[in-house]
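Asks: My structure is below; once you've seen it, I'll send some questions.
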Ligand SMILES: C[S@@+](CC[C@H](N)C(=O)[O-])C[C@H]1O[C@@H](n2cnc3c(N)ncnc32)[C@H](O)[C@@H]1O
């Protein structure tokens, strides 16, 4: 945020020094971004907020956040991201909190339509990307049917954010040539997955909502790769949370150790290239040398 402010101030200074239509045209995008444009009334933006760090918002997400009159958000959206919205924008939580029943999807949709029809610029903020396990398409369809103008702003999905944070390449030439995003919301979901189709050694799997299903994921994937060398996994969490790395046979134990919260599992040989895996191997080698 601080860096963005410096860029904008520099742009303003350059405009003041240079003057003239040419300079204004050249700096146009920066000026508009600063909030010079009127809020587009009656539109809903479905915005991906990324994995939690405000630095991982797109510039377009930041721009619409800064012009929104009302921001609907859920539990994956961090306070740092909400702080990027216009100071006087109304913020409405529509997610689920532990022990408190959430507002139903119908009611959420109804509120978007109501706010847009009242002429407000609505931002619907969703963790990661709205179209990756985010029910973004349901909201898009509802708004379209209601005749409300709607636009989607993509976000960095959790698998991409977590992989970058861990220095973990999700694909690797000659080693990992397939990438699957899947969800295992409940253990029963994980049991229903056709793991044999995912057993290929060159496949990296990113499992969303898989924390509590880790034992079933471990069993399913292990069963599918019987006879092959062990694969590895990593559970990555929000920036303030924890990461674990280990072999597939340890998945359930490590997930339990990592505790509650949004948990992403990455399974595949590429995990061996991650910073965490390398550090763990280095520590083990040093211990062996010292013994
Ligand atoms: C309902 S899905 C939403 C996914 C989101 N639309 C995306 O593209 O990342 C929620 C799941 O996303 C994953 N997730 C979201 N943010 C995360 C983060 N910061 N760290 C780890 N996993 C995260 C977890 O698997 C969580 O259970």
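The values are calculated or read from the model by the stated rules, or taken from the named source; none is laboratory data. Nothing here was measured: the structure is a model prediction, and the numbers come from that model. Virtual Cβ from ideal backbone geometry, glycine too; neighbours counted across all protein chains shown.
Asks: Taking only the stretch 160-175 into account, find how many residues are in contact with a strand residue (DSSP E or B) (Cβ under 7 Å, 6 or more places away or on another chain), outside any helix (DSSP H, G or I) and within 16 Å of the ligand (Cβ to nearest atom). Explain how you work it out, then say what you get.
Replies: Going residue by residue through the stretch 160-175, those that are in contact with a strand residue (DSSP E or B) (Cβ under 7 Å, 6 or more places away or on another chain) are 161-163, 165-166, 168, 170-171.
Right, trim to outside any helix (DSSP H, G or I) and you get 168, 170-171.
Adding the requirement that they be within 16 Å of the ligand (Cβ to nearest atom) leaves 168, 170.
Looking only at that region, the number is 2.
Asks: Further question: State all residues of the stretch 240-263 that are part of a helix (DSSP H, G or I) and more than 19 Å from residue 167 (Cβ to Cβ); if no residue qualifies, say none.
Replies: We begin by selecting, within the stretch 240-263, every residue part of a helix (DSSP H, G or I); these are 248-258.
Of everything in the stretch 240-263, those that are part of a helix (DSSP H, G or I) and more than 19 Å from residue 167 (Cβ to Cβ) turn out to be 248, 249, 250, 251, 252, 253, 255, 256, 257.
Asks: Listed residues 132, 94, 122, 153; which is within 16 Å of the ligand (Cβ to nearest atom), surrounded by 18 or more Cβ atoms within 10 Å (Cβ to Cβ) and more than 30 Å from residue 268 (Cβ to Cβ)? Give the derivation first.
Replies: Numbers: 132 fails: more than 30 Å from residue 268 (Cβ to Cβ); 122 fails: within 16 Å of the ligand (Cβ to nearest atom); 153 fails: more than 30 Å from residue 268 (Cβ to Cβ).
Testing whether each residue is within 16 Å of the ligand (Cβ to nearest atom), surrounded by 18 or more Cβ atoms within 10 Å (Cβ to Cβ) and more than 30 Å from residue 268 (Cβ to Cβ) leaves just 94.
Asks: So is residue 281 loosely packed, with under 14 Cβ neighbours inside 10 Å, at pLDDT below 85 and part of a helix (DSSP H, G or I) or not? Break it down into steps so the answer makes sense when it comes.
Replies: Working: loosely packed, with under 14 Cβ neighbours inside 10 Å: yes; at pLDDT below 85: yes; part of a helix (DSSP H, G or I): yes.
The answer is yes for residue 281.
Asks: Further question on the same structure: Mind checking which pairs have a first residue in the stretch 143-164 that is closer than 18 Å to residue 124 by Cα and a second that is near the ligand (Cβ under 9 Å from one of its atoms) and part of a helix (DSSP H, G or I), Cβ under 7 Å, 6 or more apart or different chains?
Replies: As it stands, the answer is 152/136, since those pairs meet every condition given.
Asks: Could you say whether any residue in the stretch 228-247 is within 21 Å of residue 201 (Cβ to Cβ), more than 16 Å from the ligand (Cβ to nearest atom), at pLDDT 80 or above and surrounded by 12 or more Cβ atoms within 10 Å (Cβ to Cβ)?
Replies: yes
Asks: Before we move on, is residue 53 in contact (Cβ under 8 Å) with a residue 12 or more places away in the chain and within 16 Å of the ligand (Cβ to nearest atom)?
Replies: Details: in contact (Cβ under 8 Å) with a residue 12 or more places away in the chain: yes; within 16 Å of the ligand (Cβ to nearest atom): yes.
Answer is yes for this residue.
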